[in-house]
Amino acid sequence: MLRKTDFFIDGKWVAPTVAKELDVINPADEQPFAVISLGSAADVDKAVAAAQRAFPAWSATSREQRIALLEKLLAAYNRRVRDMAQAISWEMGAPIKLALEQQAASGSGHIKSFIEVLKSFEFEEPLNDKNPQERIVREPIGVCGLITPWNWPMNQVALKVVPALAAGCTVVLKPSEIAPMSSIVFAEMMEEAGFPAGVFNMVNGDGPTVGEAMSRHPGIDMMSFTGSTRAGVAVTKASAETVKRVALELGGKSPNIVFDDADVTDAVTRGLAHCFENTGQSCNAPTRMLVQRPVYAKAVDIAAKYAATVKVGNPAEDGDHIGPLSSDVQFEKVQGMIDAGIKEGARVVAGGLGRPEGFNRGYYVRPTVFADANNDMRIAREEIFGPVVAMIPFETEEEAIAIANDTPYGLSAYVQTGDKARAQRVARKLRAGMVQINGTDRPYGSPFGGYKQSGLGREGGKWGIEDFLEVKAISGFEEGLG
């Protein structure tokens, strides 16, 4: 049993103000494998005070100084990437291959990308050629509270901590209490890299206590949150009292439009593989598969046969199988949504209720495909966050766009077609922050974020750094004097 009950505050590991221990559960066997402490408002006060003390000096560091420290962080991360992958696999059930090649790798990928962006980022520039004495200066916003989720822990930690530090901010991180071990490893890496005391602080805890205290804290200038839309609303309301900037990356119900001129076999199997990856626990998963009527029956058949081949297995074992869901709460939620889909009249063509054959413990679920769904059903409107796909038929391009946009979310969308002009035309009409055509991957440095209830702001690349900056206009600026 691992004991990691201290927090990282002001450059050192410190005990919580009041001991409140929590078991960290391995979702593969439902057994505790580690113990952490849940923090309190008093621990948040200590972390914020440390970040405030560190801010004046850190915000005045040069670009070169920040790059040098981020490069040391990248080196430390690369040395311990297997430790990171193991922590992720234990805490949230990611199969070890996925944990190493995608989950842990996303952290180093983002760190490297932000270093490259920082090298050429424009912190100062004239308004335009006609007004050279109107100087636009981008300055760090201050102390930032960062709340990260359990489903892609290092992806989100890197997308928040690194650009905030690159911008010159100091931070207080609260990782998910469900998956805290990877952030503890990350804090150890930050310590090894040698960031000044107070620049990076980490307090474990739950949302109603530590998250609420951070959001309301008058010493925090900005909150950046990734998680459910419900929790994002709570962070926003609490932050409103002190008029903080709030950046949100929230839920999604992403449409995947398959036109009849696409390679249907490739499009359907690729779409299901993407949705089932990470056991469906991705906010940008293509969970609504919209299929044009002439190829709909064929697509349903392909989906059913593919889903039946998807293996579910122990995350400790090597392979391309999917693992369990992250927690008992998530397991019950997904089972409830599958039950709702059945009761609402959608047709189960693969999977269904209960654990897969051979499992009597662990939060494992059956990869599930519903056919004949429509946008009035809960399975087509609510974020399930499990390996569940709802297939919906459509007739025309206009109808596909209407169905795709008929959602409170707007994070991602996917288009599959052999017509390049149609692909671009449809992509422009979809109300989503990210659109991927015919299986194209998103590179590091591309902005991640969505429309509507999928959030506010963008993470990644120059947009990620801009999120943590204030804009100052200085009139009458003369070059060469400062």
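Overview of values
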read-out: Subset of segment 18-29 (residues that are part of a loop (DSSP other than H, G, I, E, B), in contact with a helix residue (DSSP H, G or I) (Cβ under 8 Å, 6 or more places away or on another chain) and open to solvent by less than 60 Å² (accessible area, probe 1.4 Å)); value: PRO27
read-out: First in segment 113-141 and assigned to a helix (DSSP H, G or I), second anywhere and open to solvent by 50 Å² or more (accessible area, probe 1.4 Å), Cβ under 6 Å, 6 or more apart; value: SER113/TYR444; VAL117/LYS462
read-out: Filter pass, ALA75 being at pLDDT 95 or above, part of a loop (DSSP other than H, G, I, E, B) and either among the aliphatic types (A, V, I, L, M) or open to solvent by 10 Å² or more (accessible area, probe 1.4 Å) (or both); value: no
read-out: Selection status of ASP129, under 25 Å from TRP13 (Cβ atoms) and more than 18 Å from the chain's Cα centre (by Cα); value: no
read-out: Filtered residues of segment 111-145 (kept if open to solvent by 60 Å² or more (accessible area, probe 1.4 Å) and more than 29 Å from PRO443 (Cα to Cα)); value: LEU127, ASN128, ASP129, LYS130, ASN131, PRO132, GLN133
read-out: Verdict on PHE55 being assigned to a strand (DSSP E or B) and aromatic (Phe, Trp, Tyr); value: no
read-out: Test: LEU100 is at pLDDT below 95, open to solvent by 30 Å² or more (accessible area, probe 1.4 Å) and over 26 Å from PRO16 (Cα atoms); value: no
read-out: Which listed residue, of THR242, THR226, THR269, THR279, is of a type in the set (Val, Ile, Thr), in contact (Cβ under 8 Å) with a residue 60 or more places away in the chain and at negative phi; value: THR226
read-out: Those residues of segment 301-325 which are more than 19 Å from GLY358 (Cα to Cα) and either part of a loop (DSSP other than H, G, I, E, B) or open to solvent by 10 Å² or more (accessible area, probe 1.4 Å) (or both), in sequence order; value: ASP301, ILE302, ALA304, LYS305, TYR306
read-out: Meets criteria (in contact (Cβ under 8 Å) with a residue 60 or more places away in the chain, open to solvent by less than 40 Å² (accessible area, probe 1.4 Å) and either outside any helix (DSSP H, G or I) or of a type in the set (Asp, Glu) (or both)) for ALA49; value: no
read-out: Residue check, ALA262 free of Cβ contacts under 8 Å to residues at least 40 places away in the same chain and of a type in the set (Gly, Ala, Ser); value: no
read-out: Residues that are among the hydroxyl-bearing types (Ser, Thr, Tyr) and more than 24 Å from the chain's Cα centre (by Cα), drawn from segment 4-43; value: THR5, THR17, SER40
read-out: Filtered residues of segment 78-97 (kept if in contact with a helix residue (DSSP H, G or I) (Cβ under 7 Å, 6 or more places away or on another chain), touching a residue at least 40 places away in the same chain (Cβ under 8 Å) and surrounded by fewer than 20 Cβ atoms within 10 Å (Cβ to Cβ)); value: ARG80, ASP83
read-out: ALA285 being touching a residue at least 12 places away in the same chain (Cβ under 8 Å), part of a loop (DSSP other than H, G, I, E, B) and within 30 Å of THR226 (Cβ to Cβ); value: yes
read-out: Subset of segment 431-443 (residues that are within 17 Å of the chain's Cα centre (by Cα), surrounded by 16 or more Cβ atoms within 10 Å (Cβ to Cβ) and not aliphatic (A, V, I, L, M)); value: GLY433
read-out: Cross-chain or 6+ apart pairs with Cβ under 6 Å, segment 349-363 first and in contact (Cβ under 8 Å) with a residue 60 or more places away in the chain, then assigned to a loop (DSSP other than H, G, I, E, B) and open to solvent by 30 Å² or more (accessible area, probe 1.4 Å); value: ARG361/GLU30; GLY362/ASP29
read-out: Cβ pairs under 6 Å, 6+ apart, first in segment 372-390 and open to solvent by 10 Å² or more (accessible area, probe 1.4 Å), second among the acidic types (Asp, Glu); value: ASN375/ASP406; MET377/GLU344
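Residues checked against (1) modelled with pLDDT of 95 or more; (2) small (Gly, Ala, Ser); (3) surrounded by fewer than 20 Cβ atoms within 10 Å (Cβ to Cβ):
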{"residue": "TYR364", "(1), (2), (3)": "yes, no, no"}
{"residue": "PHE370", "(1), (2), (3)": "yes, no, no"}
{"residue": "GLU395", "(1), (2), (3)": "yes, no, yes"}
{"residue": "ALA404", "(1), (2), (3)": "yes, yes, no"}
{"residue": "LEU411", "(1), (2), (3)": "yes, no, no"}
{"residue": "GLN416", "(1), (2), (3)": "yes, no, no"}
{"residue": "ALA421", "(1), (2), (3)": "yes, yes, yes"}
{"residue": "LYS429", "(1), (2), (3)": "yes, no, yes"}
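Table: residues versus (1) of a type in the set (Asp, Glu); (2) more than 25 Å from ALA299 (Cα to Cα).
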residue: SER327; (1), (2): no, yes
residue: GLU332; (1), (2): yes, yes
residue: GLN335; (1), (2): no, no
residue: GLY341; (1), (2): no, no
residue: ARG347; (1), (2): no, no
residue: PRO356; (1), (2): no, no
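Residue-by-condition table, conditions (1) more than 23 Å from ALA166 (Cα to Cα); (2) among the β-branched types (Val, Ile, Thr):
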residue: VAL24; (1), (2): yes, yes
residue: VAL44; (1), (2): no, yes
residue: PRO56; (1), (2): no, no
residue: ARG66; (1), (2): no, no
residue: LEU70; (1), (2): no, no
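The values are calculated or read from the model by the stated rules, or taken from the named source; none is laboratory data. The structure displayed is predicted, hence computed values, not measured ones. Neighbour counts run over all protein chains shown; Cβ positions are idealised from the backbone, glycine included. The area values use the complete protein model at the heavy-atom level, side chains included, leaving out ligands, DNA and RNA. Shrake-Rupley method; radii C 1.70, N 1.55, O 1.52, S 1.80 Å.
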